[in-house]
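> Pasting a structure below so you can have a look.
The values are calculated or read from the model by the stated rules, or taken from the named source; none is laboratory data. Just so it is clear, the model here is predicted, and its values are computed rather than measured. All Cβ positions, glycine included, derive from the backbone under ideal geometry; neighbour counts span all protein chains shown. The protein model used for the area step is the full one, side chains on, heavy atoms only, and it has no ligands, DNA or RNA in it. Shrake-Rupley method; radii C 1.70, N 1.55, O 1.52, S 1.80 Å.
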Amino acid sequence: MICDNLSINEQGHLCFAGQDTVELAKQYGTPLYLMDADRIRHNCRTYMSAMRKAYGDNFEVIYAGKAASFKQMYRIMKEEGMCVDSVSIGEIFTALSAGFPAEHIHFHGNNKTEQDLAFALDQSVGTIVVDNTDELTALNEMAGDKGIKQNILLRLTPGIDTHTYEAVSTGKVDSKFGFAIETGQAEEVTKLALSMEGIHLEGFHCHVGSQVFDSDSFVMSATIMLGFMKDIQTKYDYTAETIDLGGGYGVRYLESDPTMDIEANILRVADHIKTTCKELSLPLPKIMMEPGRSIVADAGMTLYTVGTVKEIPGYKNYVAIDGGMTDNPRYALYESAYTLVVANKAGEAADYIADVVGRCCESGDIIQPKVALPKTVVKGDVIAVCTTGAYNYSMSSHYNRFLKPAVVMLEQGKSFVAVRRETLDDLIRFDN
Ligand SMILES: *Cc1c(COP(=O)(O)O)cnc(C)c1O
């Protein structure tokens, strides 16, 4: 099993967070997102305790809300003492509606509009991660009008290619995000921010990639960020209070993926940071991390019902399920790998190869090609797709006007609806 919240019971049914998924499919219907709240909390605590061990109280763990954003997520984050990242006022609004404190929200984005910035200032969002000079100038004016000093981090690109998939690697010099250190633009904008009345520059942010399984890219980016911090201190007599190293630790989608020891990695990076600060005679800044995927991915599962099995002799087999790229677009987008299990036949040998496809009008509507399933797979079976907690619900769409599934939370042996299933009336509520 790819995560220890998965098991098989005596009836041969797949269990998730100790609960029978076949029963959950019956109770709540399919397609259905499940979220294991206990696993989300466990993942938060792994980060919080490792960071505390590494840095005392001088750290923050910031959940990247874009991985899964709905009110119940923010209630959990508040209870676990996490901060959150938002990339839109929609995410900020969701967090605030759930009672999440504004001062613990970090607002990201490479093109925040003036309405976005006005909303963030009105709501007293704690930190704005500034991505470009137009934004900085607008923010300074708006903060000036309000007579406040807005706390910001500057997003920098340390120039690292994490060797992960191109579309999710964001720390390179030619990225659409942030200011490049290499070109001198990071220094220029730092100088500008320090000169502004309406701005309090707390420090520097970077985010080098996603689905990263080692410490190397964090060690490299820390080296570059601390070097930059030193350079700025020497030239401008400004010592950054905070360095934010971003998110990106990987999760297991397949049995063959490595297991990530998050605590060991955090401690390794912390050792490096402390040594480097000593070498550069810098005070140890507050260190921030922004995990998204590794907080929620393995806490999620999607359940579907098989509608039909199509065999094309000599070619291939298809198993069609009652969802698709509308609830999980990640294979269609970047050929993401997933582990699939026929939940009501989880104990059976799986040696029948089929593409598991959705019901959208797109040939690319594939959940996963060449999946090994029991050869008895048939209409009515429940298929579980594992590790769907990150970037599934949050990337879901209404293509073909399919309804978005419910999100059901599993907690301490109980289940409850965190996001209700959409209705046909929901679909047309904006149509005149
Ligand atoms: C997406 C993102 C994260 C989270 O990345 P994961 O790979 O989900 O951990 C963190 N910080 C920023 C700025 C991001 O854009």
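> Within the set of pairs 6+ apart or on separate chains, which have a first residue in the range 243-272 that is closer than 19 Å to Arg45 by Cα, a second that is open to solvent by 50 Å² or more (accessible area, probe 1.4 Å) and within 16 Å of the ligand (Cβ to nearest atom), and C-beta atoms under 6 Å apart?
From residues that are closer than 19 Å to Arg45 by Cα, the pairs are Gly250/Phe213; Met260/Phe213.
> For Arg421, state whether it is in a loop (DSSP other than H, G, I, E, B), away from the ligand (no atom under 16 Å from the Cβ), within 24 Å of Arg75 (Cα to Cα) and not small (Gly, Ala, Ser).
So Arg421 passes the test.
> Could you give every pair whose Cβ atoms fall below 9 Å, whose first residue belongs to the range 183-200 and is within 13 Å of Ile232 (Cα to Cα), and whose second residue is in a helix (DSSP H, G or I) and small (Gly, Ala, Ser), counting only separations of at least 6 or pairs across chains?
No pair meets every condition.
> May I pose another question? Would you point out which residue out of Thr157, Thr127 is open to solvent by less than 30 Å² (accessible area, probe 1.4 Å) and either at pLDDT below 95 or closer than 17 Å to Gly248 by Cβ (or both)?
Every option except Thr157 fails the conditions.
> Out of curiosity, is Ala143 open to solvent by less than 10 Å² (accessible area, probe 1.4 Å), assigned to a loop (DSSP other than H, G, I, E, B), touching a strand residue (DSSP E or B) at 6+ places or on another chain (Cβ under 9 Å) and away from the ligand (no atom under 16 Å from the Cβ)? Give the derivation first.
On the way: open to solvent by less than 10 Å² (accessible area, probe 1.4 Å): yes; assigned to a loop (DSSP other than H, G, I, E, B): no; touching a strand residue (DSSP E or B) at 6+ places or on another chain (Cβ under 9 Å): yes; away from the ligand (no atom under 16 Å from the Cβ): yes.
The answer is no for Ala143.
> In the range 81-108, what count of residues is obtained for those that are open to solvent by less than 20 Å² (accessible area, probe 1.4 Å) and either within 16 Å of the ligand (Cβ to nearest atom) or modelled with pLDDT under 95 (or both)?
Count: 11.
> Residues being away from the ligand (no atom under 14 Å from the Cβ) and either in contact with a strand residue (DSSP E or B) (Cβ under 6 Å, 6 or more places away or on another chain) or in a strand (DSSP E or B) (or both): count how many of those fall in the range 199-223.
The total comes to 5.
> Among (1) closer than 18 Å to Asp214 by Cβ; (2) touching a Leu at 6+ places or on another chain (Cβ under 9 Å); (3) not in a helix (DSSP H, G or I), there is one condition Met288 misses while meeting the rest; what is its number?
With respect to (1) closer than 18 Å to Asp214 by Cβ; (2) touching a Leu at 6+ places or on another chain (Cβ under 9 Å); (3) not in a helix (DSSP H, G or I), Met288 is out only on (1).
> Sort through Glu182, Glu188 and tell me the only one that's modelled with pLDDT of 95 or more and open to solvent by 20 Å² or more (accessible area, probe 1.4 Å).
On the way: Glu182 fails: modelled with pLDDT of 95 or more.
Only one candidate qualifies: Glu188.
> Further question: Could you give me the residue pairs with C-beta distances under 6 Å whose first residue belongs to the range 25-49 and is modelled with pLDDT under 95, whose second residue is surrounded by 16 or more Cβ atoms within 10 Å (Cβ to Cβ) wherever it lies, and which are 6+ apart or on separate chains?
none
> Okay, next question. Residues that are outside the structural domain of Met409 (by TED's automatic domain parsing) and over 22 Å from Pro285 (Cα atoms): which helices (runs of 4 or more DSSP H) entirely in the range 10-121 hold 2 or more of them?
On the way: elements: 21-28, 37-55, 71-79, 89-97.
Per the criteria, 37-55, 71-79, 89-97.
> Looking at the structure I just gave you, is Tyr253 at pLDDT 95 or above and open to solvent by 40 Å² or more (accessible area, probe 1.4 Å)?
Considered against the rule, which asks whether it is at pLDDT 95 or above and open to solvent by 40 Å² or more (accessible area, probe 1.4 Å), Tyr253 comes out as no.
Table: residues versus (1) of a type in the set (A, V, I, L, M, F, W, C); (2) open to solvent by less than 20 Å² (accessible area, probe 1.4 Å).
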| site | (1), (2) |
| --- | --- |
| Asp4 | no, no |
| Cys15 | yes, yes |
| Thr21 | no, yes |
| Lys26 | no, no |
| Tyr33 | no, yes |
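> Among the residues of the range 365-390, what is the count of those that are under 24 Å from the mean Cα position of the chain (by Cα) and not in a strand (DSSP E or B)?
5
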